[in-house]
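The structure under discussion appears below in the form of structure tokens.
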Amino acid sequence: MRDPQSITVNDDERMIPVWSIVVASVAFVLVEYYFWVVAPGQRHHAPPPIGFRIYFNLSWGIVVALYFLMVGYISKDAPRRGMSTRFWMLICFVMPGGIGAVLYFLLRQPQVTRCPACSTHVQSDFHFCPQCNYQLTANCGNCFRTVRATDQYCTRCGHELAKDQLPTRLHVL
């Protein structure tokens with residue numbers, strides 16, 4: 001598994017990098033310039049009604065800007081999940097119409113965190129650390145499904161969780 005970058009809670013709101021915002025803004029302005037200045041001069045017939053032109057021009061500008069914002073988001077999100085940033089950005093640019101971004105969101109790995117006991121990289125859906133056997137999440141002792149630490153009974157099988165003798169680090173006072 002690749003060594004993932006960790007992003008702190010305060011950095012979660014900065015998942016879209018500044019370069020992506022700048023590129024999206026420039027792309028929006030260029031699309032608007034093309035549709036309002038360049039394209040009308042090349043027409044050989046009457047232009048469509050002004051309402052349709054405004055709607056069409058703004059829609060295309062927003063779609064192009066959102067595309068670059070999405071690529072920026074992927075450039076920050078992929079390292080958090082231990083995935084190749086270059087590969088997924090290339091897929092997003094090569095696959096037309098946003099198909100690459102859709103593939104990224106369908107195929108992306110769970111977020112990777114560190115084990116509190118041994119600092120090994122573990123996926124967020126792991127119940128136990130694969131290196132030191134530290135229990136990362138509370139789970140039912142009967143069906144082994146994830147439960148919240150505050151639950152009294154398992155939501156899947158109805159097992160009474162107080163009988164499981166959870167480690168003290170998972171007990172809620």
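Here are the numbers for the structure shown:
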item: Residues whose placed amide H lies under 5 Å from that of Phe128, excluding near-sequence neighbours; result: Leu136
item: Pairwise FRET efficiency - Gln135 versus Ala162, Cβ, R0 = 22 Å, nearest 0.05; result: 0.85
item: Burial order of peptide ranges 141-150, 40-49 (average beta-carbon count within 10 Å, highest first); result: 141-150, 40-49
item: Calculated FRET value between Val37 and Val102, using beta carbons and R₀ = 30 Å, to 0.05; result: 0.40
item: Contour excess over end-to-end distance, with Cα ends at Val18 and Arg114 and 0.36 nm allotted per residue; result: 31.8 nm
item: Relative contact order (%) - criterion: Cα under 8 Å, at least six apart; region: the stretch 35-173; result: 10 percent
item: Extension gain from His44 to Ser124, taking 0.36 nm per residue of separation minus the Cα-Cα distance; result: 22.9 nm
item: Shape category assigned to the stretch 92-156 from the gyration tensor of Cα positions, a/c cut at 1.5; result: oblate
item: Kirkwood Rh, Cα atoms: Rg over Rh of the chain; result: 1.20
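Coordinate-derived values only; no laboratory data. The shown structure was predicted, so the numbers you read here are calculated from the model rather than taken from an experiment. So basically every Cβ, Gly included, is an ideal-geometry build from the backbone, and we count neighbours across all protein chains shown.
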